[in-house]
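The values are calculated or read from the model by the stated rules, or taken from the named source; none is laboratory data. Model, not experiment: these values are computed from the prediction. We place every Cβ from the backbone using ideal geometry, glycine too, and count neighbours over all the protein chains shown. These area figures cover heavy atoms from the full protein model, side chains too; ligands, DNA and RNA do not enter into them. Shrake-Rupley method; radii C 1.70, N 1.55, O 1.52, S 1.80 Å.
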Amino acid sequence: MKSPLLSLPGAVPAEGRDEGVAAHYGDLFREQRALAEGNGFVDLSHRGVVAVSGDDRLSWLHLLVTQHMTELPPGQATEALILSANGHIEHALYLVDDGETVWAHVEPGTREELVAYLESMKFFYRVEVADRTDDLAVVHLPAGSIAEVPEGAVVRETPHGRDLFLPRADLESFAASHGPAAGILAYEALRVEAHRPRLGFETDHRTIPHEVGLIGSAVHLQKGCYRGQETVARVQNLGKPPRRLVFLHLDGSEVLLPAHGTPLRLAADGEEGRQLGFVTTAVRHHELGPIALGLLKRNVPVDAPLIAGTTAAAQETVVEP
């Protein structure tokens with residue numbers, strides 16, 4: 001779904017998973033600094049919007065997702081996962097309830113499969129599931145922003161800022177009154193700095209929540225009755241995750257950033273060494289320079305120098321081994 005904000009001056013379209021919104025508007029680092037200072041907004045209108053309404057919406061979602069939902073107060077943001085029977089992450093939902101409807105925004109390209117799954121699980125519960133992506137868009141106001149929220153918008157407020165669900169037809173008028181716009185690359189740089197994993201980037205078909213640090217934020221350990229719970233409980237109580245999320249400082253002399261999936265190896269072993277993980281997201285940060293997130297095998301020493309492809313990389317621990 002192509003955003004009308006791609007017509008703003010300087011807009012350069014994003015590619016890949018984020019196609020449909022702007023990668024940047026001509027000055028990546030200026031846009032990052034603006035967001036870090038609480039100014040501007042980010043167009044996230046390429047993300048899917050799913051609504052769950054009805055009297056049983058919270059108790060029903062409680063049975064399906066990893067988060068505790070039955071006592072979620074109106075206006076309080078939360079996030080949740082849907083897991084496979086083996087505990088692998090299939091969907092990530094960023095949620096808020098307005099007292100009548102639970103609103104979720106989800107990764108581009110995942111809403112149809114998510115809605116189909118939710119529809120298949122309705123049974124006798126008093127719930128209605130709707131794909132609202134065609135008429136509602138998500139925009140992000142950074143932490144510290146004092147920008148006025150348009151009347152009628154649903155607000156999801158977190159420590160990282162406010163996600164607004166607003167009519168898609170109002171995107172251009174919103175941009176005119178809430179500029180400057182920042183592209184998805186600026187948003188991603190601050191996400192990587194904050195060590196926040198993203199579905200399809202920091203996860204693959206076999207990722208479990210412990211590996212990417214989602215216990216607590218998206219997985220509630222004092223609830224049960226959801227698909228994949230057995231894996232979560234077993235790793236929490238008896239085992240250790242096979243991989244761990246790491247933060248990487250990359251060699252700033254390299255021209256190109258390592259692509260998603262670039263192998264991580266021990267620097268001492270060189271480019272022919274055994275692959276021990278891979279880069280998930282690499283970005284250029286306005287203060288830290290080139291940085292990245294990656295997934296490593298648990299037994300890699302936490303202080304071991306690495307190479308990402310041919311790029312030297314120093315690791316910081318995100319998930320303890």
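How would you classify the range 169-321 from its alpha-carbon gyration tensor, with a ≥ b ≥ c the square roots of the eigenvalues: rounded for a/c under 1.5, else prolate if a/b is greater than b/c, otherwise oblate?
The shape class here is oblate.
Within the chain, what's the longest run with no chymotrypsin sites (Phe, Trp or Tyr not before Pro) in a DSSP loop and at most 11 other beta-carbon atoms within 10 Å? Give the range, please.
125-321
How much net charge surrounds residue 152 when only other residues with a Cβ under 14 Å from its Cβ are counted (Lys, Arg +1; Asp, Glu -1)?
-4
How big is the charge dipole of the range 22-142 about its Cα centre, in debye rounded to the nearest 20, if each Lys and Arg gets +1 on its Cβ and each Asp and Glu gets -1 on its Cβ?
Roughly 180 debye, rounded to the nearest 20.
Work out the charge dipole of the range 26-134 with +1 on the Cβ of Lys and Arg and -1 on the Cβ of Asp and Glu about the Cα centre, then indicate which of 69, 48, 133 is farthest towards its positive end.
Among 69, 48, 133, the one farthest towards the positive end of the dipole of the range 26-134 is 69.
Quick one: length gained pulling residue 134 to residue 254 fully straight, 0.36 nm per residue minus the C-alpha distance?
Additional length available on full extension: 39.1 nm.
Hey, could you pull the Cα Rg and Dmax for the range 121-178, both in Å?
14.3, 45
Of all trypsin sites (Lys or Arg not before Pro) in the range 194-241, which ones are in loop regions per DSSP and have a Cβ with at most 16 other Cβ atoms within 10 Å?
Those satisfying the criteria are 206, 223.
Output the Cα-based Rg and Dmax of the range 174-257 in Å, rounding Rg to one decimal and Dmax to a whole number.
Rg and Dmax of the range 174-257, Cα atoms, are 17.5, 54 Å.
Size of the dipole of the chain about the Cα centre, Lys and Arg at +1 and Asp and Glu at -1 on the beta carbon, nothing else charged, in debye to 20?
920
Take the solvent-accessible surface of the protein heavy atoms, probe 1.4 Å, and return the percent of it on the chain that carbon and sulfur atoms account for.
That share works out to 51 percent.
Give me the accessible area of residue 178, 1.4 Å probe, in Å² rounded to the nearest 10.
Roll a 1.4 Å probe over it and residue 178 shows about 30 Å².
Could you state the orientation-averaged shadow area of the convex hull built on the Cα atoms of the range 241-320, in nm² to one decimal?
The number I arrive at for the range 241-320 is 4.9 nm².
Run the helix sum for the chain: -39,500 (n - 2.57) per DSSP H stretch of 4+ residues, divided by residue count, reported at 222 nm to the nearest 500 deg cm²/dmol.
Result for the chain: -4500 deg cm²/dmol, rounded to the nearest 500.
Can you tell me the dipole magnitude for the range 76-138 around its Cα centre, using point charges on the Cβ only (Lys, Arg +1; Asp, Glu -1), in Debye to the nearest 20?
So the magnitude is around 220 debye.
Where the convex hull is taken over the Cα atoms of the range 81-177, what is its projected area averaged over directions, in nm²?
7.7
Which longest run of the chain has no exposed loop site in it, a site being GluC sites (Glu not before Pro) in a DSSP loop with at most 15 other beta carbons within 10 Å, and the site itself not part of the run?
With GluC sites (Glu not before Pro) excluded where exposed in loops, the chain gives 152-253 as its longest stretch.
How large is the accessible surface of residue 265 in square angstrom, using a 1.4 angstrom probe and rounding to the nearest 10?
That residue has around 50 Å² of solvent-accessible surface.
From the Cα gyration tensor of the chain, with a ≥ b ≥ c the square roots of its eigenvalues, which class applies: rounded if a/c is under 1.5, or else prolate if a/b is larger than b/c, or else oblate?
Note, shape of the chain comes out oblate.
What ³J(HN,Hα) values, in whole Hz, does the Karplus curve 6.51 cos²θ - 1.76 cosθ + 1.60 give for the range 23-38 when θ = phi - 60°, with x put for Gly and Pro?
Here the 3J(HN,Hα) series is 5, 6, 10, x, 8, 4, 6, 4, 5, 4, 4, 4, 5, 4, 8, x Hz.
Roll a 1.4 Å probe over the protein chains and send me the accessible area per residue for the chain in Å².
45
For the range 41-124, list log₁₀ I(q)/I(0) at each q in 0.13, 0.14, 0.20 Å⁻¹, using the Debye formula over Cα point scatterers of equal strength and ignoring solvent, two decimals each.
-0.39, -0.46, -0.95
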